1. Please give the number of the condition Phe8 fails out of (1) under 10 Å from the mean Cα position of the chain (by Cα); (2) not in a helix (DSSP H, G or I).
2. Residues in the range 16-49 that are touching a strand residue (DSSP E or B) at 6+ places or on another chain (Cβ under 9 Å) and under 23 Å from Ala2 (Cβ atoms): how many?
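The values are calculated or read from the model by the stated rules, or taken from the named source; none is laboratory data. A quick note: this is a predicted structure, and the numbers were derived from the prediction, not measured. Every residue, glycine among them, receives a Cβ derived from its backbone with ideal geometry; neighbour counts consider all protein chains shown. In case anyone asks, the SASA skips ligands and DNA or RNA and just uses the protein heavy atoms, side chains included. Shrake-Rupley method; radii C 1.70, N 1.55, O 1.52, S 1.80 Å.
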Amino acid sequence: MAGKFELFEDAAGKIRWRLKAGNGAIIAQSQAYESKESAKKGISSVQTNAPGATLVDLITATK
């Protein structure tokens with residue numbers, strides 16, 4: 001099963017999206033948006049920009 005984006009309303013009445021893996025696990029969640037249209041634009045941005053995203057490791061090894 002493919003992953004999916006879900007739009008939902010949070011406890012404060014704001015619109016958010018979450019990305020779920022095929023097994024139903026939440027793998028990403030958005031900031032709060034004022035409107036459904038803004039949340040959809042956020043999803044589009046992730047879909048456009050993430051395929052070529054690089055990993056930047058900001059964790060300094062301490063062990």
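1. (1)
2. The qualifying residues number 20.
Listed here are the residues, each with its yes/no results for (1) in a loop (DSSP other than H, G, I, E, B); (2) open to solvent by 100 Å² or more (accessible area, probe 1.4 Å); (3) of a type outside the set (Ser, Thr, Tyr).
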site	(1), (2), (3)
Gly13	yes, no, yes
Arg18	no, no, yes
Asn23	yes, yes, yes
Ile27	no, yes, yes
Gln31	yes, yes, yes
Ser44	no, no, no
Thr48	no, yes, no
Ala53	yes, no, yes
